[in-house]
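Worksheet: one structure, shown below.
The values are calculated or read from the model by the stated rules, or taken from the named source; none is laboratory data. Computed from a predicted model, the values in this text were never measured in an experiment. Quick reminder, even Gly has a Cβ in these numbers, built from the backbone with ideal geometry, and neighbours come from all protein chains shown.
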Amino acid sequence: MAIAVVGSIHADFYVKTKRFPQPDETVIGSDFAIFPGGKGANQAVGCARLGVETYMIGAIGNDYIGSLLVENLARNGVRVDYVYKASCNSGVAFIILNEETGENMIIVSPGADNALTPEYVENSLRQLSNKVKIVLTQLETPLETVYRSIEVAKKMNMITILNPAPARELDNSIYKFIDVIVPNRVELQQLTGVEVNSIESVFKAGEKLLDHGVKAVVATLGSKGAAITTPWLRAIVKAFPVQVVDTTGAGDAFMAGLAVALLQNMDIVEAVKFANATAALKITRMGAQSMPTRSEVENLIS
Ligand code: ADP
């Protein structure tokens, strides 16, 4: 059985500079690099690297960046049959890094991510209905598309996992279709209004989401690991201690690990342990898509 990831596909353009330009000013920067990104694409690459058949349902623009993004997904083993080419630009982020202060300035142009329609996602999921067991989605595409994918997937008896990132307000009526919601601390606080400043408050906020109809809440807690709240369980699953190199994409690696583990019928505690290990390995490397393989994760756990 397979995982379908419904979400964003971006290219991140990074340039380093010693100081930010003023309006109308040009400064000469130093290194420049393009990295593939987008939470959807990162999570799809994460799942595929863990050895599971993974379909990306998303959109790219009709530009050469879109072709690069699709090639990158395919090279990482993601099935790209349901990546749609929209008549606009691909989703991009321009990131200016200030080498002196460590600050950054970012402009995102969502482009094709905003062209991913509920109808397109519904049709894709229907065509994949006998292959896909888990649907994984985030909040970098239009909310009506996110809602439709969760509702349609649930009605087709798939397992639905929502990573509510970046934080956006959600309609209360969607929660009953969500099997597992996976916020970080900031997102958990924004979704529930509970001030998240202790383990007790994480569980309290988790229970609020359960009251809305979610089946399980897995809150990621950075170096502390993750907290599970279900109607019958409150548990903390510790992170793996590792040398931190780059935490970009840690949350995306966690999502991939969790989805793959649940696909393979691990119970929720085992699955969160597998997700912590996947995220821990990712943060030992540079880049949002430097996702570990299954044997690397198994070695860390054993
Ligand atoms: P996000 O990056 O989305 O804000 P978190 O910071 O909560 O999310 O991190 C996601 C997951 O990455 C954590 O649940 C944990 O498994 C792993 N992680 C993050 N930081 C560390 C760390 N310093 N050491 C080990 N694991 C970490």
| query | Listed residues ILE57, ILE9; which is aliphatic (A, V, I, L, M), farther than 24 Å from ALA280 by Cα and buried (at least 17 other Cβ atoms within 10 Å of the Cβ)? | reply | ILE57
| query | Could you give every pair whose Cβ atoms fall below 7 Å, whose first residue belongs to the range 262-290 and is under 19 Å from ILE134 (Cβ atoms) and of a type in the set (A, V, I, L, M, F, W, C), and whose second residue is within 9 Å of the ligand (Cβ to nearest atom) and in a helix (DSSP H, G or I), counting only separations of at least 6 or pairs across chains? | reply | PHE274/GLY257; ALA275/PHE254; ALA275/GLY257; ALA277/GLY257; ALA279/ALA250; ALA279/ALA253; ALA279/PHE254; ALA279/GLY257
| task | Take the range 167-191 and flag every residue that is in a helix (DSSP H, G or I), within 16 Å of the ligand (Cβ to nearest atom) and not hydrophobic (A, V, I, L, M, F, W, C). | result | ARG185, GLU187, GLN189, GLN190
| field | Output for the range 164-185, where each listed residue is without any contact (Cβ under 8 Å) to a residue 60 or more places away in the chain, surrounded by 18 or more Cβ atoms within 10 Å (Cβ to Cβ) and not hydroxyl-bearing (Ser, Thr, Tyr) | value | PRO164, LEU170, ILE174, PHE177, ILE178, ASP179, ILE181, PRO183, ARG185
| request: Report yes if some residue within the range 62-80 is at pLDDT 95 or above, at positive phi and surrounded by fewer than 24 Cβ atoms within 10 Å (Cβ to Cβ); otherwise report no. | output: yes
| note | Of (1) in a loop (DSSP other than H, G, I, E, B); (2) in contact (Cβ under 8 Å) with a residue 24 or more places away in the chain; (3) among the hydrophobic types (A, V, I, L, M, F, W, C); (4) out of contact with any Leu (no Cβ under 7 Å at 6 or more places or on another chain), LEU258 fails just (1)
| message | Can you tell me which residue is nearest to the ligand (Cβ to nearest atom) among those in the range 274-291 that are within 15 Å of the chain's Cα centre (by Cα) and of a type outside the set (A, V, I, L, M, F, W, C)? | response | ASN276
| message | Condition check: within 20 Å of VAL135 (Cβ to Cβ), touching a Cys at 6+ places or on another chain (Cβ under 6 Å) and more than 9 Å from the ligand (Cβ to nearest atom). Does VAL217 satisfy that? | response | no
| message | Just to be sure before I move on: is LYS154 touching a Ser or Thr at 6+ places or on another chain (Cβ under 9 Å), modelled with pLDDT of 95 or more and not aliphatic (A, V, I, L, M) in the structure I sent? | response | yes
